[in-house]
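Below: one structure, written as structure tokens.
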Amino acid sequence: MKWILMVLIGMVVIAIMIIKFCSFLGRKPSPEKAKTFHKSQNFRNGKFVNQTPVDTSKSIKGVFAVLWGKVSKQPRLRPDYEIPIKSINERLVNPIEGTTLTWFGHSAFLLVMNGTTILLDPMFGKYSFPIPLFGSKRYNEKLPMEIEQFPHIDVVLISHDHYDHLDEISIKKLKDKVTLFCVPLGVGSHLERWGIDPHKIKEYDWWDEMNMKGLVLAATPAIHTSGRGKSDSNTTLWCSWVIKGKQTKLYFSGDSGYGPHFKQIGRQYGPFDITLMQCGQYDERWATTHMYPEQAIQAHLDVQGKVMIPMHWGTFTLAFHDWTEPIERVLLAARDQGVEISTPRIGEMVRVHANMYPDSPWWK
């Protein structure tokens with residue numbers, strides 16, 4: 001046990017040294033930009049805060065827990081086979097009419113609504129962390145479509161700046177294909193370091209709205225944290241997103257603990273045709289900032305959702321539950337609550353307002 005602990009400590013020290021000098025760390029908001037954050041009710045004493053207090057005292061234990069998980073070889077933390085995906089080349093380039101949604105794994109989705117193409121949290125990296133030694137490898141070797149094959153993207157929506165949601169390499173590959181990046185306050189500084197034109201970046205506080213091609217995009221609250229290194233904790237904001245079209249409304253939870261903000265969002269923007277709810281990678285160490293599956297079902301009900309698509313599972317191992325446990329618990333809770341769940345495969349297109357939604361147990 002002593003040598004294992006020494007190895008783990010050494011790995012953490014090496015990671016900290018590498019992070020300090022690497023571009024994937026991004027960039028903290030400048031002092032001038034930070035001054036503008038004081039207008040936000042969510043910014044106090046130089047940091048962004050939640051509406052509901054969260055406990056981050058066990059975060060360092062969480063880091064060691066993840067590292068221990070890499071050497072402990074616990075069963076069923078990840079599939080022992082490559083999970084099935086669907087290629088979407090033709091269907092993405094020539095999307096069918098109406099509103100369509102395609103899951104790329106974890107929290108990444110491609111949405112086509114009212115002829116507008118939107119990417120949500122487009123993390124397409126092979127590992128959940130820029131240094132593979134410290135990250136979880138993606139379950140599927142290939143993506144449904146490589147970034148180089150993507151058509152033009154009207155807008156990219158980012159929920160927060162954690163590595164499993166904001167990936168430097170993915171952003172750099174996408175930058176010339178994207179008209180606009182919409183991000184929470186402060187996150188634009190990372191994008192600027194990675195070569196994104198500041199004129200293509202819009203930053204939002206909670207409840208801010210933007211109209212784009214007949215759509216309303218609204219940044220809404222979440223209970224979470226932010227930061228990509230030791231010195232930038234909570235210096236950028238986190239959020240969920242509401243996307244409202246002529247005939248369709250969609251809610252994207254981002255990462256969030258369960259709280260009263262879901263009912264607030266439901267009252268202001270609900271009901272929603274589709275909700276994309278974080279349901280996986282939960283642990284008692286971060287129980288206040290990530291939902292358990294049963295809480296995801298309740299959040300779906302709170303925002304007045306009709307059909308829920310579970311996300312934040314089936315792609316990376318970031319917690320100590322079996323890799324299929326989130327979806328199995330979601331389905332049990334949904335059955336008890338009378339909630340309709342759709343379970344598309346990675347790359348499988350979902351047509352909103354269809355008579356039937358994908359619901360095959362592809363993980364079995």
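The values are calculated or read from the model by the stated rules, or taken from the named source; none is laboratory data. No experiment lies behind these values; they were computed from the predicted model shown. When we count neighbours, we look across all protein chains shown, and the Cβ atoms used for this are built from the backbone with ideal geometry, even at glycine. Side chains are part of the model used for accessible areas, which takes the heavy atoms of the whole protein and leaves out ligands, DNA and RNA. Shrake-Rupley method; radii C 1.70, N 1.55, O 1.52, S 1.80 Å.
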> Within the bounds of the stretch 159-170, is there any residue that is modelled with pLDDT of 95 or more, hydrophobic (A, V, I, L, M, F, W, C) and within 14 Å of THR236 (Cβ to Cβ)?
Replying inline: yes
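Can you name every residue in the stretch 235-251 that is open to solvent by 30 Å² or more (accessible area, probe 1.4 Å) and touching a residue at least 40 places away in the same chain (Cβ under 8 Å)? Let's see the steps before the verdict.
Residues of the stretch 235-251 that are open to solvent by 30 Å² or more (accessible area, probe 1.4 Å), as a first pass: 244, 246-247, 249.
Listed by number, the residues that qualify are LYS246, GLN247.
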> In this structure, does LYS2 turn out to be at pLDDT below 90, of a type in the set (Lys, Arg) and over 24 Å from the mean Cα position of the chain (by Cα)?
Replying inline: yes
>> So for the stretch 295-317 (the condition being under 22 Å from THR102 (Cβ atoms), in contact with a Pro (Cβ under 7 Å, 6 or more places away or on another chain) and surrounded by fewer than 20 Cβ atoms within 10 Å (Cβ to Cβ)), does at least one residue qualify?
In response: yes
> What's the number of the condition HIS224 fails, among (1) modelled with pLDDT under 95; (2) surrounded by 20 or more Cβ atoms within 10 Å (Cβ to Cβ)?
Replying inline: (1)
> Tell me, which helices (runs of 4 or more DSSP H) wholly within the stretch 255-348 include 3 or more residues that are farther than 25 Å from VAL216 by Cα and among the hydroxyl-bearing types (Ser, Thr, Tyr)?
Replying inline: none
> In this structure, is ALA354 in contact with a strand residue (DSSP E or B) (Cβ under 6 Å, 6 or more places away or on another chain) and either closer than 23 Å to GLN295 by Cα or open to solvent by 10 Å² or more (accessible area, probe 1.4 Å) (or both)?
Replying inline: no
> Going through the stretch 166-194 one residue at a time, which ones are open to solvent by less than 60 Å² (accessible area, probe 1.4 Å), among the aliphatic types (A, V, I, L, M) and in a helix (DSSP H, G or I)?
Replying inline: ILE171, LEU174, LEU191
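Find the residue count for the stretch 205-220, including only residues that are among the β-branched types (Val, Ile, Thr) and more than 16 Å from LEU119 (Cα to Cα).
1
Can you find, within the stretch 195-219, the residue that is modelled with the highest pLDDT among those that are on the phi > 0 side of the Ramachandran plot and exposed (fewer than 14 other Cβ atoms within 10 Å of the Cβ)?
Looking only at the stretch 195-219, we keep the residues that are on the phi > 0 side of the Ramachandran plot, and these are 195, 207, 213-214.
The next check asks that each one be exposed (fewer than 14 other Cβ atoms within 10 Å of the Cβ); those that pass are 195, 213-214.
Details: GLY195: 95, LYS213: 89, GLY214: 90.
Checking each candidate, the answer is GLY195.
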>> List the residue pairs whose Cβ atoms are under 9 Å apart, where the first residue sits in the stretch 176-203 and is free of Cβ contacts under 8 Å to residues at least 12 places away in the same chain, the second is of a type in the set (Gly, Ala, Ser), and the two are 6 or more positions apart or on different chains.
In response: PRO198/GLY188
>> Can you list residue pairs whose Cβ atoms sit under 8 Å apart, with the first residue in the stretch 141-162 being touching a residue at least 60 places away in the same chain (Cβ under 8 Å) and of a type in the set (Gly, Ala, Ser) and the second being part of a strand (DSSP E or B) and surrounded by 17 or more Cβ atoms within 10 Å (Cβ to Cβ)? Count only pairs 6 or more apart in sequence or on different chains.
In response: SER159/LEU120; SER159/PRO184; SER159/SER240; SER159/TRP241; SER159/PHE252
> For GLU32, are the conditions met, namely being of a type in the set (Asp, Glu) and either modelled with pLDDT of 90 or more or in a strand (DSSP E or B) (or both)?
Replying inline: yes
> Among the residues of the stretch 252-272, is there at least one that is in contact with a Lys or Arg (Cβ under 8 Å, 6 or more places away or on another chain) and buried (at least 24 other Cβ atoms within 10 Å of the Cβ)?
Replying inline: yes
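I'd like the full set of residues that are among the hydrophobic types (A, V, I, L, M, F, W, C) and either at pLDDT below 65 or open to solvent by 90 Å² or more (accessible area, probe 1.4 Å) (or both), limited to the stretch 15-29.
Start the filter on the stretch 15-29 by keeping residues that are among the hydrophobic types (A, V, I, L, M, F, W, C), which leaves 15-19, 21-22, 24-25.
The answer is ALA15, ILE16, MET17, ILE18, ILE19, PHE21.
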>> Kindly evaluate MET311 against the criterion of being at pLDDT 95 or above and within 17 Å of TRP362 (Cβ to Cβ).
In response: yes
>> Among the residues in the stretch 264-274, are any free of Cβ contacts under 8 Å to residues at least 60 places away in the same chain and of a type in the set (Asp, Glu)?
In response: no
> If you take the residues in the stretch 103-116 that are polar (S, T, N, Q) and farther than 16 Å from VAL183 by Cα, which one is most open to solvent (accessible area, probe 1.4 Å)?
Replying inline: ASN114
